[in-house]
Every structure is written in structure tokens, then in C-alpha cells.
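Reviewing the structure listed below.
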Amino acid sequence: MDDAVAAPIRYVAVGDSFSEGVGDDGDVPFPGWTGRLASGMAARAGVAVSYANLAIRGRLLAGVLDEQIDVALALDPVPTLMTFCAGGNDMLRPRFDVPTLLDRLAVAADAVAARGVRLALLSPADPTARLPLGRMVNRRGDAWAEALTGFARDRQLPFVDVSRDPHLGRAEFWSEDRLHMNPLGHQRVADLALHAVADGPSPAVPPAAAVAPTGLPEELRYYRDHVAPWVRRRVTGRSSGDGRAASFRDWTPVVPPAALD
């Protein structure tokens with residue numbers, strides 16, 4: 001595509017650990033599904049994409065809306081695309097009220113639309129197949145995904161239903177903590193998002209990988225290394241994102257592969 005006629009792409013991500021890219025330790029210049037999406041859009045358009053990522057792990061939906069939306073809209077120049085994914089941490093709290101969350105999202109969506117920014121929504125990834133209290137969280141995730149489906153349809157917004165993707169529940173897409181996706185999972189989400197927001201190709205069906213079952217020593221190690229610290233944070237009112245700053249707070253160029261040759 002000719003740079004002289006290509007429309008500029010300024011993409012900002014807001015959200016929690018999923019959009020921050022936690023779990024993606026792959027050898028890519030911009031990790032996480034958001035960074036991989038930015039790279040995919042640059043490759044598809046043949047021009048550099050301006051990329052910012054304001055997501056911070058541990059944030060509830062209200063925190064994402066209160067702390068990140070105004071910052072995203074204050075970027076100069078204004079974004080052309082914003083992806084929003086939040087609610088996953090809300091599902092892990094005792095009280096989870098979908099109508100209240102939707103009301104908060106509607107106010108933010110109005111503010112984004114008023115600035116002429118295209119908003120794309122994603123449902124949170126569903127890690128519940130191997131999590132404690134997985135059934136409860138899964139029911140909440142389905143309710144939130146269904147609400148987001150209707151919200152996106154009513155407002156004609158791009159939507160990626162990550163939580164109900166027929167493949168992403170498999171163990172090979174998840175990191176050791178079973179809560180965050182690994183590089184393979186982040187790439188799958190990036191491919192789904194590229195299809196939804198940039199008319200990218202439909203993602204191929206990923207081949208099933210053989211995953212060895214975990215034994216008792218591995219399960220005990222998992223609870224010690226991952227579940228127990230999470231419980232301690234809940235008891236003490238701390239968050240994994242306390243004191244953390246966004247990874248890409250200002251516009252950062254993501255160049256297409258040809259520009260690297």
C-alpha cells in the first residue's frame with residue numbers, strides 16, 4: 001500500500017493483564033495479543049502503526065474505565081482505534097453485576113465515539129478449565145460475553161468473543177499460572193482480532209497438541225506458586241498491578257516487516 005494514500009493507524013489498548021500481555025514471553029518485538037495485533041495491522045497495511053498500550057494487570061473494569069480511557073483519548077494525535085477488554089478480574093470477586101458493568105461501559109463507549117475513535121470489544125479469555133472455582137467463573141464469563149455480544153451488536157462495534165472461542169480452552173494456549181495465555185494463546189487472539197478489526201484472514205483451526213496430564217507434585221507446586229499468592233493478595237487487598245505503569249504510554253511506531261529489511 002502506498003504511504004501517501006494509506007490511512008494512518010493509531011491503535012491504543014486499554015484493559016487488564018490480558019491486554020497488557022502477561023504470559024507472552026515469545027521472541028517478538030511487541031508481545032501480547034495487542035502488540036501482535038499492531039504488528040499484524042502494520043504488515044497488512046504496509047505502513048507503520050502507532051501503538052500505545054495502557055493496560056495494567058489486576059485492574060477491575062471500573063479501574064480500566066476510570067484510569068485509562070481519558071488517558072487514551074488524550075494521546076496526541078488522537079487514536080483511530082481502541083481495543084477494550086476488561087471484566088475478567090471482576091468475575092473473581094464476590095459481587096459480579098453485569099448490568100452495572102454494562103452501564104459503566106456505555107458511558108465510556110459514548111466518550112470514545114464522541115472523539116471519533118473506533119472502539120473494538122473483546123470478551124476476556126476463559127481460563128476456567130483448570131482453575132479452582134472454574135465452574136462459577138465460567139458461568140460469569142458466559143454471562144459477560146453474552147452481554148458484550150448484544151452491546152457490540154446494538155452499537156455496531158467490532159467484537160471478538162475470546163471467552164467462547166472453541167479452541168482457546170485447551171491447555172496448550174495457557175502459561176504455567178493457568179490464568180494468563182502463553183505466546184501461542186496471545187497469537188491466536190491477535191489473529192482473531194486482526195480478522196475482526198482489519199479484515200484479516202479468518203484464523204486457521206489450530207491443530208490439537210498433546211498435553212501430558214499433571215501429577216500430584218505438579219499440582220501441589222501450582223497451588224504453592226500461583227494460587228497461594230493470589231489468595232494472599234485478596235486477603236490483604238493488594239493487586240498484582242499495584243505500583244505498575246503502562247508498558248507503552250506514548251505512541252510507539254510498529255513498522256511492517258518490509259521496512260526492517
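The values are calculated or read from the model by the stated rules, or taken from the named source; none is laboratory data. What you are looking at is a predicted structure, and each value in this text was computed from that prediction instead of being measured. Cβ placement follows ideal geometry from the backbone for every residue including glycine, while neighbour counts extend to all protein chains displayed. Ligands, DNA and RNA are stripped out before the accessible areas are found, and what is left, the full protein with its side chains, is counted by its heavy atoms. Shrake-Rupley method; radii C 1.70, N 1.55, O 1.52, S 1.80 Å.
What the table shows:
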{"quantity": "Under Karplus coefficients 6.51, -1.76 and 1.60, residue-wise ³J(HN,Hα) of the stretch 244-254 in Hz, glycine/proline x", "calculated": "8, 10, 4, 6, 9, 7, 10, 4, 10, x, 10"}
{"quantity": "FRET efficiency, 1/(1 + (r/R0)^6) with R0 41 Å, evaluated for LEU220 and ARG153 via beta carbons", "calculated": "0.35"}
{"quantity": "Solvent accessible area, Å² - TRP144, 1.4 Å probe, full protein context", "calculated": "0 Å²"}
{"quantity": "Amide H within-cut-off set for TRP174, under 5 Å, with H built and near neighbours excluded", "calculated": "ASN182"}
{"quantity": "Prolate/oblate/rounded call for the stretch 77-205, Cα gyration tensor, a/c under 1.5 rounded", "calculated": "oblate"}
{"quantity": "Estimated 222 nm signal from helices in the chain, with DSSP H stretches of n ≥ 4 weighted -39500 (n - 2.57), rounded to 500", "calculated": "-12500 deg cm²/dmol"}
{"quantity": "Environment charge at ALA129 (Cβ cut-off 9 Å; Lys +1, Arg +1, Asp -1, Glu -1)", "calculated": "+2"}
{"quantity": "Contour excess over end-to-end distance, with Cα ends at ASP76 and GLU146 and 0.36 nm allotted per residue", "calculated": "21.8 nm"}
{"quantity": "Solvent exposure, largest accessible area first (probe 1.4 Å, DNA, RNA and ligands not counted), of LEU179, LEU184, LEU101, LEU157", "calculated": "LEU184, LEU179, LEU157, LEU101"}
{"quantity": "In degrees, nearest ten, helix 183-198 long axis to first principal axis of the chain (Cα)", "calculated": "40 degrees"}
{"quantity": "Protection-proxy order for peptides 120-126, 147-153, 110-116, each taking the mean of Cβ atoms within 10 Å per residue, highest first", "calculated": "120-126, 147-153, 110-116"}
{"quantity": "Estimated inter-spin distance, ALA106 and ALA7, nm [label 7 Å along Cα→Cβ]", "calculated": "2.8 nm"}
{"quantity": "Extension gain, GLU172 back to VAL231 (0.36 nm per residue minus Cα-Cα distance, nm)", "calculated": "18.7 nm"}
{"quantity": "Rg to Rh quotient for the stretch 26-147, alpha carbon positions, Kirkwood Rh", "calculated": "0.99"}
{"quantity": "Potential lengthening between ASP66 and ASP97 on full extension [0.36 nm per residue; Cα-Cα distance subtracted]", "calculated": "9.4 nm"}
{"quantity": "Segments 68-79, 188-199, 31-42, 49-60 sorted - mean Cβ within 10 Å per residue, highest first", "calculated": "31-42, 49-60, 188-199, 68-79"}
{"quantity": "Under Karplus coefficients 6.51, -1.76 and 1.60, residue-wise ³J(HN,Hα) of the stretch 89-106 in Hz, glycine/proline x", "calculated": "6, 4, 5, 8, 9, x, 9, 9, 10, 4, x, 5, 5, 5, 4, 5, 5, 4"}
{"quantity": "Against the rule of thumb 2.2 N^0.38 Å, how large the Cα Rg of the stretch 4-63 comes out", "calculated": "1.22"}
